[in-house]
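The values are calculated or read from the model by the stated rules, or taken from the named source; none is laboratory data. If you're wondering where the values come from, they're calculated on a predicted model, not measured in any experiment. All Cβ positions, glycine included, derive from the backbone under ideal geometry; neighbour counts span all protein chains shown. Ligands, DNA and RNA are excluded from the accessible area calculation, which covers all protein heavy atoms including side chains. Shrake-Rupley method; radii C 1.70, N 1.55, O 1.52, S 1.80 Å.
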Amino acid sequence: MKIFNTLSRRKEEFVPLTPGKVKMYVCGPTVYNLIHIGNARPMIVFDTVRRYFEYKGYEVQYVSNFTDVDDKIIKKALEEGVDARVISDRYIEECKKDMAALNVKPATVHPQATQEIGGMLEMIQTLIDKGHAYVAEDGTVYFKTRSFKEYGKLSHKNLEELQSGFRELKVTGEEDKEDPNDFVLWKPKKEGEPYWESPWCQGRPGWHIECSVMAKHYLGDEIDIHAGGEDLIFPHHENEIAQSECANDKTFARYWMHNGFLNIDNKKMSKSLGNFFTVREIGEKYDLQVLRFFMLSAHYRSPLNFSADLMEASKNGLERILTCMEKLKGLEEAAEGQAESCGEQENLAQADKLRAKFEAAMEDDFNTADAVSAIFELVKLANSTADSSSTGKYVSSLRETIGQLCDVLGIITERKAEILDSEIEAMIEERQQARKAKNFALADEIRGRLLDMGIALEDTREGVKWKRV
Ligand code: AMP
Ligand code: ZN
């Protein structure tokens, strides 16, 4: 299996630290808002990477954090007059709902920065003790970039270049830095901000230290894959490498994977340009499976343009797969012990070749675009060869292959049953009758059935209200 490693800027054969196991860390979102479709790209892409490893029989430990202490969270908390925790808890919950709707598997662990302060204090102290960090007069702790000879190895920048780039850039409050490239590990609290006790000052951690600490806590000093969006290469991931390798004296991650950016109508996604969509907004117009399918129609490292036309094309493509799977299911159920025709063996051999084509695409740095083409070829094969004269064995084999490969991409091939308003109303009426008859067990069961279908009930003074969730 080949993976493009940002560190070497080339595709490398994947060799796990431990045979049969993969340890992955993916930088997650800062939780101060609903996630946007750009944030959804790394979630979908790296969930697919994980699914492919699992399909190949690897045991994957997948860690993805929530950054729950940050300037933007604090700003929002001040605006709403609530604790920062209220904001981060709210958006973690919302993010988890979006992830579920995108069929992104929950991580093995979703650590939160505020729960890992102890580990951060420890790592910062280690860095100070080893001469890789220093404490300024106001209690700020900085990482001394010059103390790490390999600084810049991920972003392929050298310190001199960086130095000249930074010279003009004076950050207020950071006048005590020995070198413009040094970055904050710990900073003093400001009025009204959350803070923790530390040996240096009451304060809070810098952003980069959280990922080094959480990766160490849940995966150990050495991991197989570290991933995130390409904007994180510098400075975030460069700084993570510096912290982890100086503290642990081990190579931090073997493979660094970065997804390209998602643009809208060929422009950078930005709130000020008004071309900015949350996952929730897209979910109102499309089944979010369409968004997932759209994201995987391109290679993860390429920039990807979001447009209504491309979403329509993805919707139609997905529809073709779902229709084919429905047809196969119908044929399988109706199959009546037909005699096998010689063509079926050949066609199954062809299906095996297409599975191999899918795998080869995935093993070439997760080329999901080509993997999707292999699925379309399978759909074409099924549509042109499976009919009422096919054996059940033949039909179910095709259905299983397409279903399995779609599952690697996180695409659910069972069409969601459309539930009509009239059916919902009828069930609510049935529940009301049950309640009247004091059959609360039945009433609860009906409520549960509705919830399974994505319908939540609310008993109000004006009667029962329902909504789709
Ligand atoms: P943030 O909350 O900004 O730290 O972002 C969380 C993740 O989303 C990071 O891996 C970012 O690189 C990624 N990300 C943010 N915007 C985009 C975008 N427009 N396209 C692709 N990835 C993005
Ligand atoms: Zn990170």
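Okay, here's what the table says:
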quantity	calculated
Residue under evaluation Arg292, criteria (1) in contact with a Gly (Cβ under 8 Å, 6 or more places away or on another chain); (2) open to solvent by less than 10 Å² (accessible area, probe 1.4 Å); (3) within 12 Å of ligand 1 (Cβ to nearest atom); (4) closer than 30 Å to Ala313 by Cβ, criterion not met	(3)
Scope segment 236-270; condition in contact (Cβ under 8 Å) with a residue 60 or more places away in the chain, part of a helix (DSSP H, G or I) and away from ligand 1 (no atom under 13 Å from the Cβ); matching residues	Glu238, Asn239, Ile241, Ala242, Gln243, Glu245, Cys246, Ala247
Matching option when the condition is in contact with a helix residue (DSSP H, G or I) (Cβ under 6 Å, 6 or more places away or on another chain) and farther than 30 Å from Phe53 by Cα, among Ala437, Ala443, Ala456	Ala443
Those residues of segment 176-196 which are assigned to a loop (DSSP other than H, G, I, E, B) and farther than 18 Å from Asp68 by Cβ, in sequence order	Asp176, Lys177, Glu178, Asp179, Pro180, Asn181, Asp182, Glu191
Residue match in segment 273-285 (condition: within 16 Å of ligand 1 (Cβ to nearest atom), modelled with pLDDT under 95, open to solvent by 10 Å² or more (accessible area, probe 1.4 Å) and polar (S, T, N, Q))	yes
Unique residue being farther than 20 Å from Gln61 by Cβ, surrounded by fewer than 17 Cβ atoms within 10 Å (Cβ to Cβ), at pLDDT 95 or above and away from ligand 2 (no atom under 13 Å from the Cβ) when the list is Pro199, Pro188	Pro199
Total residues in segment 143-155, condition touching a residue at least 60 places away in the same chain (Cβ under 8 Å) and either out of contact with any helix residue (DSSP H, G or I) (no Cβ under 9 Å at 6 or more places or on another chain) or of a type in the set (Asp, Glu) (or both)	1
Test: residue in segment 179-199 that is within 24 Å of Val109 (Cα to Cα) and within 16 Å of ligand 1 (Cβ to nearest atom)	no
Candidate set from segment 279-304 (those that are part of a loop (DSSP other than H, G, I, E, B) and among the aromatic types (Phe, Trp, Tyr)); member that is nearest to Met257 (Cα to Cα)	Tyr300
Of residues in segment 213-228 being of a type outside the set (Phe, Trp, Tyr) and either in a loop (DSSP other than H, G, I, E, B) or over 15 Å from Trp256 (Cβ atoms) (or both), the one nearest to ligand 2 (Cβ to nearest atom)	Met214
Residues within segment 299-323 that are open to solvent by 20 Å² or more (accessible area, probe 1.4 Å) and closer than 24 Å to Lys2 by Cβ, tallied	4
Checking Asp231 against (1) of a type outside the set (Val, Ile, Thr); (2) more than 16 Å from ligand 2 (Cβ to nearest atom); (3) without any contact (Cβ under 8 Å) to a residue 60 or more places away in the chain, the condition it does not meet	(2)
Search result, residues across segment 11-31 that are within 16 Å of ligand 2 (Cβ to nearest atom) and not small (Gly, Ala, Ser)	Lys23, Met24, Tyr25, Val26, Cys27, Pro29, Thr30, Val31
Glu210 being of a type in the set (Asp, Glu), within 11 Å of ligand 2 (Cβ to nearest atom) and either over 26 Å from Asp365 (Cβ atoms) or in a strand (DSSP E or B) (or both)	yes
Filtered residues of segment 47-68 (kept if closer than 14 Å to Gly228 by Cα and either aliphatic (A, V, I, L, M) or at pLDDT below 95 (or both))	Val49, Val63
